[in-house]
Amino acid sequence: MPYVHDTLARLQKSSPAQTEFYQAAEEVLESIRPLLDSDKRYREASIVERIVEPERQIMFRVTWMDDQGKIQVNKGYRIQFNSAIGPYKGGLRFHPSVNAGIIKFLGFEQIFKNSLTGLAIGGGKGGSDFNPKGRSDAEIMRFCQSFMSELYRHIGDTIDVPAGDIGVGGREIGYMYGQYKRLTGSYEGVLTGKGLNWGGSLVRTEATGYGAVYFAENMLNSRNDSLDGKTCLVSGAGNVAIYTIEKLYQMGALPVTCSDSQGTIYHADGIDLPLLKDLKEVRRVSLEEYVKAHPKARYIPVADYPKDGHAVWRFEAQAAFPSATQNELTAADAKALLANGVVCVSEGANMPSTAEAVDLFLDARIAYGPGKAANAGGVATSQLEMAQNASMTRWTFEEVDTRLQGIMKGIFERSHETAKEFDQPTNLVLGANIAGFRKVADAMIQQGCV
């Protein structure tokens, strides 16, 4: 389709060297071709050309002092991508890999993910190339305060409400919120993922992992199947992976893997969840420590990974939950998963499967939940935190979890019904992208040339 091809070509000229962003844009635009062919309004209103360009891109210097008294310099970003259906909403990522292309890819995905939730939130993303690993609490506090000293002027509870992402948990949110309050003198719900005793929401920590499992269960239920009794592969060892594992146990499944940046654990008897939480939430140490408590478990260091993929996907199982980072699941991994009996893949991370891997899942017609649908539980619960802040109320764990389950069911049903509308009932990539795009695009048309 020349229209899509020409848009992508222009994008590569206007945003050079942003590979992940091109990948995300191409995946969305290619999958919405049936909608663009059937409804000329979107082309007439230049929606595609508009939606791939952020409304605002903010880049700034972050200077801070380390414990040795040396001034360090990092780069900060906030991409405010689209506000057609609500204030910008999306996480902050602190990781050495962060650059403008990564943040734009994440922000672009956030538009459609947030739209799919059915909630009034637009798409945004931000972060820094700061690496919190190995830094003291005092260093992290000084960095967060410096970061917020620039960011605060661009955000607000009805403007842009950041949350956490990789490298940004409750500690970092607390430091940034304290600095925002100090600078503005305002106590408002401008960040989500806050502490429970100062505006945070129950279930927020668990939400993305729980949501990915709820989405998988909905996919399987639609095929007269369930997670009960299934062996599951999970990547990652952060919040998403930990609470995916927790919810899998609650659903009667057996998660047998997890991973971090240094290696993978395979434990045939099932991952020891209390130990995993201790290693990653308390001691913050490598998964290599896991085998000291469980010598029968297997630890595979990164150096021993297959050259064409990731060790975590090379075991027999029926369901897989990529929950670490982008492009972690290759075509070779996808072939291994399918050969080993996997019938369900639910993405807890953002764009964790390469385009080639996605094609293999779609061709095999397995239950495949793309990240923008399957991992929307985190941002959905962030919006529930915003609602509680606005009304100055506090909901119980059960209330929030029930709402989360309903939201994830709604996302599945919208994606599934849209896929069926376009005669591809097993293609939730197409269904999620069209459903998410259509809501935002219609809002943009109704609001005029803005």
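Only bridges whose two residues both fall in the chain count here: according to DSSP, what percent of them are antiparallel, nearest 5? If you can, show how the numbers build up before the last one.
Working: 24 of 45 bridges.
Among the beta bridges of the chain, antiparallel pairing accounts for roughly 55 percent.
Pull out a ≥ b ≥ c, the square roots of the eigenvalues of the alpha-carbon gyration tensor of segment 199-258, then state rounded if a/c is under 1.5, prolate if not and a/b is larger than b/c, and oblate in the remaining case.
It is oblate, given that a/c is not under 1.5 and a/b is not larger than b/c.
So what are the ³J(HN,Hα) numbers for segment 436-449, from phi and the Karplus equation (6.51, -1.76, 1.60; θ = phi - 60°), rounded to whole Hz, Gly and Pro as x?
Coupling constants for segment 436-449: x, 5, 4, 5, 5, 4, 4, 5, 5, 5, 5, 8, x, 7 Hz.
What Kirkwood Rh does segment 207-365 have if only Cα atoms enter the pairwise 1/r average? Answer in Å.
So the Kirkwood estimate lands at 15.3 Å.
Run the numbers for residue 308 and residue 223: contour at 0.36 nm per residue of separation, minus the present Cα-Cα distance, in nm. Intermediate results must be reported in sequence, preceding the final value.
Values: separation 85, 0.36 × 85 = 30.60 nm, distance 3.16 nm.
In short, 27.4 nm is gained.
What share of Cα pairs, in percent, lie more than 28 angstrom apart in segment 135-268? Present the calculation step by step, with values, prior to reporting the outcome.
On the way: 3062 of 8911 pairs.
Roughly 34 percent, rounded to a whole number.
Name the residue from 297, 110, 251 whose Cα lies farthest towards the positive end of the charge dipole of the chain, charges +1 on Cβ of Lys and Arg and -1 on Cβ of Asp and Glu.
110
Non-local amide H neighbours of residue 369 (under 5 Å, H modeled in plane, Pro and chain starts lacking H): which ones?
345, 346, 347
Can you classify segment 291-450 as rounded, prolate or oblate using the Cα gyration tensor, where a ≥ b ≥ c are the square roots of its eigenvalues, rounded means a/c under 1.5, and otherwise it's prolate if a/b beats b/c and oblate if not? It would help to have the intermediate numbers written out before the result.
On the way: a/c = 2.26, a/b = 1.40, b/c = 1.62.
Verdict is oblate for segment 291-450.
Rank 205, 190, 220 by how far each Cα sits towards the positive end of the charge dipole of segment 188-282 (+1 on Lys, Arg Cβ; -1 on Asp, Glu Cβ) and give me just the farthest.
190
If the elastic network links every pair of Cα atoms under 10 Å, which of 114, 74, 224 fluctuates the most in the Gaussian network model of the chain?
224
Report the trypsin sites (Lys or Arg not before Pro) located in segment 363-429 that are in a DSSP loop and have at most 16 other Cβ atoms inside 10 Å of their Cβ, or state none. All intermediate terms of the calculation are to be shown ahead of the outcome.
Values: sites: 365, 372, 394, 403, 409, 414, 420; in loops: 365, 394.
In loop regions of segment 363-429 (DSSP not H, G, I, E or B), the sparsely surrounded trypsin sites (Lys or Arg not before Pro) are 365, 394.
When the Debye formula is applied to the Cα atoms of segment 1-156, each taken as the same point scatterer, what base-10 log of I(q)/I(0) results at q = 0.09, 0.11, 0.15 Å⁻¹?
Listed by q, the Debye log ratios stand at -0.35, -0.50, -0.82.
Hey, in the GNM for the chain with a 10 angstrom Cα cutoff, which one of 115, 286, 415 fluctuates hardest?
286
Once you've got the Cα coordinates, tell me which of 13/335; 125/280; 104/335 are over 32 Å apart. Walk me through the numbers before you get to the answer.
Details: 13/335 34 Å; 125/280 25 Å; 104/335 29 Å.
Correct reply: 13/335.
Could you calculate, for segment 26-76, the ratio of the Cα radius of gyration to the Kirkwood radius, expressed as Rg to Rh? Mind dumping the intermediate values first?
On the way: Rg = 20.9 Å, Rh = 14.7 Å.
Ratio of gyration radius to Kirkwood radius: 1.42.
Where the convex hull is taken over the Cα atoms of the chain, what is its projected area averaged over directions, in nm²?
On the way: hull surface 83.7 nm².
Averaged projected area of the chain's Cα convex hull equals 20.9 nm².
Given 231, 376, 82, which one lies farthest toward the positive end of the charge dipole of the chain, if we put +1 on the Cβ of every Lys and Arg and -1 on the Cβ of every Asp and Glu?
Checking the options against the dipole of the chain, the answer is 82.
Give the calculated FRET efficiency between residue 281 and residue 33 to the nearest 0.05, with a Förster radius of 45 Å applied to their Cβ-Cβ distance. Mind showing how you got there, number by number?
Values: r = 44 Å, r/R0 = 0.97.
Step by step, r from the Cβ atoms, then E = 0.55.
Taking neighbour Cβ counts within 10 Å as the exposure measure, how do 265, 140 sort from fewest upward? Could the numbers behind the result be given before it?
Numbers: 265 28, 140 19.
Lowest to highest Cβ neighbour count: 140, 265.
Rounded to the nearest 20 Debye, what is the dipole magnitude of the chain about its Cα centre when Lys and Arg each give +1 and Asp and Glu each give -1 at the C-beta? Could you put the intermediate results ahead of the total?
Working: 48 positive and 53 negative charges, 199 e Å.
Here the size comes out at about 960 debye.
Between residue 289 and residue 402, take the C-beta separation as r, use R0 = 25 Å, and let me know the FRET efficiency to the nearest 0.05. Write down the numbers at each step before the final one.
On the way: r = 36 Å, r/R0 = 1.45.
Efficiency, rounded to the nearest 0.05: 0.10.
Which of these, 321, 215, 397, has the largest mean-square fluctuation under a Gaussian network model of the chain (Cα springs below 10 Å)?
397
No value in this document is a laboratory result; all are computed from the given coordinates. Small disclaimer: the values here were computed from a predicted structure and weren't measured. Please note: Cβ atoms are built from the backbone with ideal geometry, for glycine as well, and neighbour counts cover all protein chains shown.
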